[in-house]
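Note sheet for the following structure.
The values are calculated or read from the model by the stated rules, or taken from the named source; none is laboratory data. Since this is a predicted model, take the numbers as computed values, not measurements. Every residue, glycine among them, receives a Cβ derived from its backbone with ideal geometry; neighbour counts consider all protein chains shown. To get the accessible areas, we keep the full protein, side chains included, count just its heavy atoms, and leave off ligands, DNA and RNA. Shrake-Rupley method; radii C 1.70, N 1.55, O 1.52, S 1.80 Å.
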Amino acid sequence: MKVFYLGVDVSKKKLDLCLRSNGKDILYDVIPNDLSSIKSWLTRTFEKFFLSEDSLVVCAEHTGQYTYPLVYATKSIGVYLCLEDAAKIKYCHGIPRGKNDKIDACRIAMYAERYNDCLQPYTASELIIQKLKNLSTERSMLVADRAKYQSQLKDQVDYMEHSIYIAKCNRVEGIINTFTDYIAQIDLEIKELINQAPVIAHQMDLLMSVDGVGERVALKMIMETDAFTSFTDPRKFCCHAGVVPFVYVSGSSQRSKNRVSNRADKSIKHLLHMAALSVSQVKNSPLKKYYDRKVEEGKNKMSVLNAVRAKLVTIMFAVIRTDAFFSRNYQNSLA
């Protein structure tokens, strides 16, 4: 069966499309980035080239919310969709020169055809997890904005006339209270969503039984792993979260220390770091004992904390896999 590859360059208002087969670009088009336009274009293309749903592979870069119409259009029609990391597509073409949306669409189609055996179908998150992600993103934005105003109350007290400062504080406190109310509303919505999904609620309980893991870390782990379905290997997740040290050696001249990669999800890395700091202070915790022992051996504290992060990830995956609450005195039956 002849297979066609559709490269899609996604932007906010439009999609650049390049249809490719047998090593040749056979069609280029630009359409609005909305659900009806995408469905209509796919239907016309099926009729023009006598295609079936099984003979078309759609590939695009994962650009967050802007891929929403493409995801739902392909899902409703039953077309194979692959959303790839932009860096993978960028670095597979050697040393490219020049860039525009048409060239990008053609390069994506070329990538899909060349690496068709490596493509993985995109599976959208469950609806409730997608809602949790949207609410969590909104909450993070409100918390960051509230922190900007909170800093105004402390930083400027000694640098302006007292009456002006008091008037400003009254206005800023009103804004802060508004943000706090909205954050509380979002927290309530998140709890209601979790209670509606018994699997997610149970996973939250399991994760929060681990020393150092609170509600925010547990929820973030569930969202990042799609309730532990998109990630099943803790080592791969550690790489995703940027807590795995890599070797940097070349010949005899370049020999640097092992260090973590900067290419990582910084949001989950930050939360794991806070969890590692927390668990390193918990009395009788095995991870605190590990931390203290390694520091006494002369290990760098940040390196030890990074190891604690990785161990926390491994423990969280273990409690989900075994469906058992964390036990400090756990003994492996094979030990």
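Residues of the range 224-236 include at least one that is aliphatic (A, V, I, L, M) and modelled with pLDDT of 90 or more.
Name the residue, out of 190, 200, 164, 186, that is among the aliphatic types (A, V, I, L, M) and loosely packed, with under 15 Cβ neighbours inside 10 Å.
Values: 190 fails: loosely packed, with under 15 Cβ neighbours inside 10 Å; 200 fails: loosely packed, with under 15 Cβ neighbours inside 10 Å; 186 fails: loosely packed, with under 15 Cβ neighbours inside 10 Å.
Going through 190, 200, 164, 186 in turn, just one is among the aliphatic types (A, V, I, L, M) and loosely packed, with under 15 Cβ neighbours inside 10 Å: 164.
Exactly one residue out of 282, 319 is in contact (Cβ under 8 Å) with a residue 24 or more places away in the chain and part of a helix (DSSP H, G or I), and it is 319.
Taking the range 157-201 as the range and being touching a residue at least 40 places away in the same chain (Cβ under 8 Å) and in a helix (DSSP H, G or I) as the test, the residues that pass are 182, 183, 186, 187, 189, 190, 193, 194, 196, 200.
Residue by residue through the range 140-175, note down the ones that are under 30 Å from residue 186 (Cα atoms) and small (Gly, Ala, Ser). The answer is 140, 144, 147, 151, 167, 174. Taken together, the residues in the range 82-120 that are under 19 Å from residue 21 (Cα atoms), open to solvent by less than 70 Å² (accessible area, probe 1.4 Å) and of a type in the set (D, E, K, R) amount to 3. Identification of strands (runs of 3 or more DSSP E) wholly contained in the range 1-98 with 2 or more residues that are over 25 Å from the mean Cα position of the chain (by Cα) yields 4-10, 14-21, 24-32. If the condition is being touching a Leu at 6+ places or on another chain (Cβ under 9 Å) and either farther than 23 Å from residue 267 by Cα or outside any helix (DSSP H, G or I) (or both), then the range 202-213 contributes 210, 211, 212, 213. Condition first: β-branched (Val, Ile, Thr), touching a Lys or Arg at 6+ places or on another chain (Cβ under 9 Å) and more than 30 Å from residue 222 (Cα to Cα). Now tell me which residues in the range 144-199 satisfy that. Once the filter is applied, which keeps residues that are β-branched (Val, Ile, Thr), touching a Lys or Arg at 6+ places or on another chain (Cβ under 9 Å) and more than 30 Å from residue 222 (Cα to Cα), the range 144-199 yields only 175.
Here's the yes/no breakdown for (1) crowded, with 17+ Cβ neighbours inside 10 Å; (2) at pLDDT below 90; (3) of a type in the set (A, V, I, L, M):
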{"residue": "311", "(1), (2), (3)": "yes, no, no"}
{"residue": "316", "(1), (2), (3)": "yes, no, yes"}
{"residue": "320", "(1), (2), (3)": "yes, no, yes"}
{"residue": "328", "(1), (2), (3)": "no, yes, no"}
{"residue": "333", "(1), (2), (3)": "no, yes, no"}
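When we screen 243, 249, 217 for residues that are among the β-branched types (Val, Ile, Thr) and more than 16 Å from the chain's Cα centre (by Cα), the only hit is 249. Does residue 261 count as closer than 17 Å to residue 318 by Cα and not basic (Lys, Arg)? Taking the combined requirement at face value, the residue does not satisfy it.
The set of residues from the range 240-270 being crowded, with 16+ Cβ neighbours inside 10 Å and free of Cβ contacts under 8 Å to residues at least 60 places away in the same chain comprises 240, 242, 260, 264, 268, 269.
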